Amino acid sequence: MVVLNRIYTRTGDRGETALGDGSRVPKHAPRVAAYGTVDETNATLGLARLHAAGELAEALARIQNDLFDLGADLCTPDLENDATAKYPRLRVVAAQVDRLEAEIDAMNARLTPLRSFVLPGGSALAAHLHLCRTVSRRAERLAVELAGIEPVNPEAVKYLNRLSDWLFVAARIANDEGRADTLWTPGANR
């Protein structure tokens, strides 16, 4: 478990940070960019939760916790030695991805099919969820980029991919189950 008895350590003052395995890397390293953007996604979810209630608020809280799991996963390299590591390593698992998929299917069943793309916005909650979606897509791109350089848990990438879909469908739910969506009209302002 994590113990935070001091918030600043001064160990990063020279532009480096420690990964979950104790190794030190530059703060601009691709792995740090990936898990940092997962953290940014989590912060945007916190803003969205200010406007959510009921089951949606509970789901967002659960996803925020999952994103800490995901950040810990991305922060800890060396997948090959997980079984022999001194401390158990937290990795995103298929069940977390499966849950998002089941929730997407359940929410999407309540919506009418789209005939155009949705413009981000509508209710305050929907607008925040669209922002969360775009930040999670950036986190996904960075995780995929990292996976091209170093080993990354494939379930972590899948989770980010499903999360952006989940957020899109949740934004439609937040827009009066899609009735308050504003659809894109191609070339409308020419």
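In segment 38-68, of all residues being within 17 Å of residue 91 (Cα to Cα) and among the β-branched types (Val, Ile, Thr), the one that is nearest to the chain's Cα centre (by Cα) corresponds to 38.
The residue of segment 110-146 that is nearest to residue 54 (Cα to Cα), among those that are part of a helix (DSSP H, G or I) and charged (D, E, K, R), is 133. Among the candidates 143, 95, the residue that is surrounded by 14 or more Cβ atoms within 10 Å (Cβ to Cβ) and either modelled with pLDDT under 95 or under 21 Å from residue 42 (Cβ atoms) (or both) is uniquely 143. Comparison of 149, 104 shows that the only residue that is aliphatic (A, V, I, L, M), surrounded by fewer than 12 Cβ atoms within 10 Å (Cβ to Cβ) and either in contact with a helix residue (DSSP H, G or I) (Cβ under 7 Å, 6 or more places away or on another chain) or part of a helix (DSSP H, G or I) (or both) is 149.
Just to check your reading of the model, which residue among 19, 56, 45 is surrounded by 17 or more Cβ atoms within 10 Å (Cβ to Cβ), in contact with a Cys (Cβ under 6 Å, 6 or more places away or on another chain) and farther than 16 Å from residue 138 by Cβ? It would help to see each step written out before you state the result.
On the way: 56 fails: in contact with a Cys (Cβ under 6 Å, 6 or more places away or on another chain); 45 fails: farther than 16 Å from residue 138 by Cβ.
None of the others qualify; the one that does is 19.
The values are calculated or read from the model by the stated rules, or taken from the named source; none is laboratory data. Everything numeric in this text was worked out from a predicted model, so none of it was measured. Neighbour counts run over all protein chains shown; Cβ positions are idealised from the backbone, glycine included.
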